[in-house]
Each structure stands twice: as structure tokens, then as C-alpha cells.
Amino acid sequence: MPRACSICSHEDREEINAALLKGESLRGISRKFFGSVKAEDALARHREHLPLHLVRASEAAEVAQADNLLEQVKSLQARALTILDKAEASGDLRTALSAIREARGNLELLAKLLGELQQEGTVNVLVAPEWLTLRATIVTVLEPYPQARAAVVEALSAG
Ligand SMILES: [Zn+2]
């Protein structure tokens, strides 16, 4: 980090980081925490070093903050998988596919957060055990729908 970051030292930085990780717009976040769009640029700069910020969690509070983000992503993932189970049980293919997409996005975010925290650099989500399990589930779920399955398998190997 070249210069002191006004977001890093902001009292609501945990909420701001969570909003950034959720993909909320800079404009919206700025309005919410600064009352106007004036912080958009600062937020953009902050977002650039957000992973570093998590890695360099030097204080216990910051470690807890990073853990909290991980827990939130894990909880989202658990919910996505529950929805997938229910959709699978009721044969709701459309919802199952949405849940799979959500779960995949969560896994990517999870892998990124874990990678940053463990300072291992880039984590390839495609070899993460959770992803391999999910992938196997997907292929099984779609067994009765060969066309959909072929499309999904193709999309997954492309991505
Ligand atoms: Zn910052």
C-alpha cells in the first residue's frame, strides 16, 4: 500500500469490506457510508488492495474480521447447497442450476479468501476438494437430463 488509505482506517471498514466482497457498487457503498458519492475513488483504490489488507491482518481484530468474512461465505455456500438438495429432490432443474451457479461463485470467493489468508497465492478452484465433490453432484443430478448435462459439463470445463 503506497499511501494511507482512508477506507482502511474507516471505523466501518468491516462492513465496507463485506459490501465490496459482495460486489455492491462503489457508488452505493459510498452513499451508504459517506453520505455521497465522494468516496468512490477511495473505494476503488481500497478494493485494489483489499486482498492484501486481509493477508496483512496484523491485529487480532483484523484476523477476526477476515475470519468473519470467511464464515459468511461458508454460510452462503451451505445455503446454496441446501437449496440444491431441495431442488434436486423436487426435480426442479432450473433452481438446481441456479444453486449450482451460486455455489460455484461462492467456492471461487472462498478459495480466493483462503488463498489470500494462507498467502499461497492463486488457488485453483477447479482442483479444490469441495468443487470436485460439487461437480460430481452436479453430474449425478443431471443424469436424467442428458442434454442439460452435456451443456453444463461443457460450460464447466470452459470456465
Ligand atoms: Zn484500504
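The values are calculated or read from the model by the stated rules, or taken from the named source; none is laboratory data. This is a predicted model, so every value here is computed, not measured. Note that each Cβ is placed from the backbone with ideal geometry, even for glycine, and that neighbours are counted across all protein chains shown. Only protein heavy atoms, including side chains, enter the accessible area calculation; ligands, DNA and RNA are left aside. Shrake-Rupley method; radii C 1.70, N 1.55, O 1.52, S 1.80 Å.
Some observations on this one:
- Residue in region 63-74 that is closer than 30 Å to Arg135 by Cα, among the aliphatic types (A, V, I, L, M), more than 13 Å from the ligand (Cβ to nearest atom) and modelled with pLDDT of 80 or more present: yes
- For the criterion of being open to solvent by 70 Å² or more (accessible area, probe 1.4 Å) and at pLDDT below 75, Ser58 passes.
- Region 6-24 - residue that is open to solvent by less than 40 Å² (accessible area, probe 1.4 Å) and part of a loop (DSSP other than H, G, I, E, B) and, of those, modelled with the lowest pLDDT: Cys8
- Some residue of region 124-138 being open to solvent by less than 60 Å² (accessible area, probe 1.4 Å), modelled with pLDDT of 70 or more, in contact with a helix residue (DSSP H, G or I) (Cβ under 7 Å, 6 or more places away or on another chain) and assigned to a helix (DSSP H, G or I): yes
- Any hit, region 25-38, residues being within 11 Å of the ligand (Cβ to nearest atom) and surrounded by 14 or more Cβ atoms within 10 Å (Cβ to Cβ): no
- Every residue from region 4-20 that is within 13 Å of the ligand (Cβ to nearest atom) and either touching a helix residue (DSSP H, G or I) at 6+ places or on another chain (Cβ under 9 Å) or in contact (Cβ under 8 Å) with a residue 60 or more places away in the chain (or both): Cys5, Ser6, Ile7, Cys8, His10, Asp12, Arg13, Glu14, Ile16, Asn17, Leu20
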